[in-house]
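A.B. asks: Please read through the structure below; I'll follow up with questions.
Here, each number is a calculation from the coordinates, and none is a lab measurement. The structure presented is a predicted model; accordingly, all values stated were derived computationally and were not measured. Cβ coordinates were reconstructed from backbone atoms using ideal geometry, including for glycine residues, and neighbour counts include every protein chain displayed.
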Amino acid sequence: MSTLVVFSSRHGAAKYAAERIAGKLTGDFIIADLDRKKNISPEDFETIIVGGSVYAGRIRSSVSAFVKKHEQILLSRKTGLFIVCMSPPEKVQHYFNDFFGKPLSEQCSVKSIFGGKYDFQKMNFFEKLIIKKISGFNKTVSTIDEELISEFVKKLL
């Protein structure tokens, strides 16, 4: 089985999740950062996994552009969608429809919110200030759930 894992990450949480997913895959796969590799062609893959980090209530624009450009291919393949964010999953389930479109969100094989991470070492001064004010955190914290990543891959395969 050939699998494409594409992601976009501002501070590394989505990259971490994508790498954890790739580490659990069997068969041939390619993992690609949508911010570094612009001309990714999903046509040759049986399974496609798309994910990204949510920052200020929005998914990375490169994820949105990839989904929009390749929507018909994604709808015709076994597709997994993931999001990393610090908001509680029950409050942000609508993100899948908002970010990936309702048809893909409803038709995909599996979708999950893995949790998120505030990495203060990778944030600029203003990001740190905002995160501290809205969340109360003032140091790096992660809520990424490894078990959710494992379940995601099991459901997809």
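A.B. asks: Mind scanning Lys102/Lys133; Lys37/Lys69; Lys111/Lys133 and naming the pairs with a C-alpha gap bigger than 21 Å?
C.D. replies: In this structure, Lys102/Lys133; Lys111/Lys133 exceed 21 Å between Cα atoms.
A.B. asks: Let me ask another. Taking the alpha carbon gyration tensor of the chain, what are the square roots of 5 times its eigenvalues, largest first, to the nearest whole Å?
C.D. replies: Semi-axes from the Cα gyration tensor: 26, 15, 15 Å.
A.B. asks: Then there is this: For a quick check, take a GNM of the chain with Cα springs below 10 Å and name the residue from Val63, Val110, Val141 with the largest mean-square fluctuation.
C.D. replies: Val141
A.B. asks: Tabulate in residue order the Karplus-calculated ³J(HN,Hα) for the range 148-154, using 6.51 cos²θ - 1.76 cosθ + 1.60 with θ = phi - 60°, rounded to whole Hz; enter x for Gly and Pro.
C.D. replies: 3J(HN,Hα) across the range 148-154, in whole Hz: 5, 5, 4, 4, 4, 5, 4.
A.B. asks: Still on this model: Past 23 Å, Cα to Cα: identify those pairs from Lys38/Lys139; Lys24/Lys155; Lys15/Lys155, in the order given.
C.D. replies: Lys38/Lys139
A.B. asks: Express the relative contact order of the range 1-97 as a whole percentage, based on alpha carbon pairs under 8 Å and six or more residues apart in sequence.
C.D. replies: Computed over the range 1-97, the figure is 32 percent.
A.B. asks: Still on this model: Which three extents, in whole angstrom, do the alpha-carbon atoms of the range 64-157 cover along their principal axes, largest first?
C.D. replies: Per principal axis, max minus min of the Cα coordinates gives 43, 28, 23 Å.
A.B. asks: From the phi angles alone, apply the Karplus equation (6.51, -1.76, 1.60; θ = phi - 60°) to the range 21-33 and give each ³J(HN,Hα) in whole Hz, x where the residue is Gly or Pro.
C.D. replies: Working through the residues one at a time gives 4, 4, x, 9, 7, 10, x, 7, 8, 10, 10, 9, 8 Hz.
A.B. asks: Let me have the 222 nm mean residue ellipticity of the chain computed from DSSP H runs of 4+ only, each contributing -39500 (n - 2.57), with the sum over all residues rounded to the nearest 500.
C.D. replies: Here the helix-only value at 222 nm equals -11000 deg cm²/dmol.
A.B. asks: Something else about it: Considering the dipole of the range 42-89 built from charges on the beta carbon (Lys and Arg +1, Asp and Glu -1) around the Cα centre, which of Ser61, Met86, Gln72 is farthest to its positive end?
C.D. replies: The listed residue farthest towards the positive side: Met86.
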